[in-house]
Amino acid sequence: MRTPIIAGNWKLFKTIAEAGAMVNALKPLVAGTSGVEIVVAPVFTALRPVADALAGSNVRLAAQDCYWEEEGAFTGEVAPRQLKDAGCSHVIIGHSERRQFFGETDETVNKKVKAALAAGLIAIVCVGETLTDREDDATFTIIEKQISGAFAGLSTDSLAGIVIAYEPVWAIGTGKTATDQQAQEVHVFIRKLVGKIFGQPAANAMRILYGGSVKPDNVKGLMAQPDIDGALVGGASLKADSFAAIVNFAC
């Protein structure tokens, strides 16, 4: 059995005070939730305060990005070991916005994944196609390229520290959502690809999340699909009640 993960990516929202208020409102709403791994990902400046606020709860902490070096003259970057020191257990890597606006490539994703794993963090590795890719029937080609690049040089054993998040770029922040069947189709392809590269046991164990305008009113249909193991939630994770409703999808 694969334990579902519901992760909230807060992107560039919330001050330290707002982030603290958010998790303090969230904790009682999910305190009784079992069988689901709950993760929130605030901005870098709020990581330590949110870690302190989450102490003793069932909610875990992620960063939204990392660098691949442990230290050095890399102004503006944050190393995985520093994220671990701040209280993180997870880190999001290769989000489409990092690719679109900040030059992220499959090669840099690969470096970051290796560095995150070496620091003991769980890497939530994002993949996904644009609307043009889908209209050109290139979805599977793009996904294969991204996964092959991100996982280059990794051992099968290292996959235990990786979660894949499939995010169709055309469904992020647009209000559009892939249908349950469209999402399942890509998740099946990803699982088969992981099996082809690393073997079927690794593929069967791999948790694959869906991201792209996940909301309380569509999460149940998505989670009913056999190869969807959770969600990477954007806008709906910014409010405690809506995020809790997604976390408690099985209720």
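The amide H of Ile122, built 1.01 Å from its N in the peptide plane, has His90, Val91 as neighbours under 5 Å, considering only residues 5 or more places off or on other chains.
A straight Cα-to-Cα reach below 13 Å connects Lys196 with the aspartates and glutamates Glu144, residues fewer than 8 places away in its own chain not being considered.
With semi-axes defined as the square roots of five times the eigenvalues of the C-alpha gyration tensor, the equivalent ellipsoid of the range 188-251 measures 27, 11, 9 Å, largest first. With contacts taken as Cα pairs under 8 Å at a separation of at least 6 residues, the range 76-167 carries a relative contact order of 34 percent. Phi-derived couplings, Karplus 6.51 cos²θ - 1.76 cosθ + 1.60 at θ = phi - 60°, listed residue by residue for the range 226-243: x, 10, 9, 10, x, 9, 9, 9, x, x, 6, 8, 7, 10, 4, 5, 6, 5 Hz, with x used for Gly and Pro.
Listed values for the range 203-211 are Karplus-derived 3J(HN,Hα) couplings in whole Hz (6.51 cos²θ - 1.76 cosθ + 1.60, θ = phi - 60°), namely 5, 5, 7, 5, 8, 10, 9, 10, x, and x replaces Gly and Pro. Reachable lysines from Lys176, Cα under 25 Å, same-chain residues fewer than 8 places away excluded? Candidates past the 8-residue exclusion: Lys11, Lys14, Lys145, Lys215, Lys220, Lys239. For the range 54-68, 3J(HN,Hα) computed residue by residue from phi via the Karplus equation (6.51, -1.76, 1.60; θ = phi - 60°) reads 8, 3, x, 9, 9, 10, 9, 10, 10, 9, 8, 5, 7, 10, 9 Hz, glycine and proline entered as x. Distant-in-sequence amide contacts of Glu104, defined by a placed amide H-H separation under 5 Å and a gap of 5 or more residues or a different chain, comprise Arg99. A simple packing score, the average count of other Cβ atoms within 10 Å per residue, orders the peptides 1-12, 101-112 as 1-12, 101-112, with the highest score first.
Where does the range 42-91 land on Rg(C-alpha)/(2.2 N^0.38 Å)? This ratio for the range 42-91 stands at 1.14.
For n ≥ 4 DSSP H runs only, could you compute -39500 (n - 2.57) per run for the chain, divide by its residues and tell me the 222 nm figure to the nearest 500?
That calculation yields -12000 deg cm²/dmol at 222 nm.
Every number here is computed from the coordinates shown, using simple stated rules; none is lab data. Computed from a prediction, not measured in an experiment: that's the story for all the values here. No Cβ is skipped: glycine too gets one built from the backbone with ideal geometry, and neighbour counts run over all protein chains shown.
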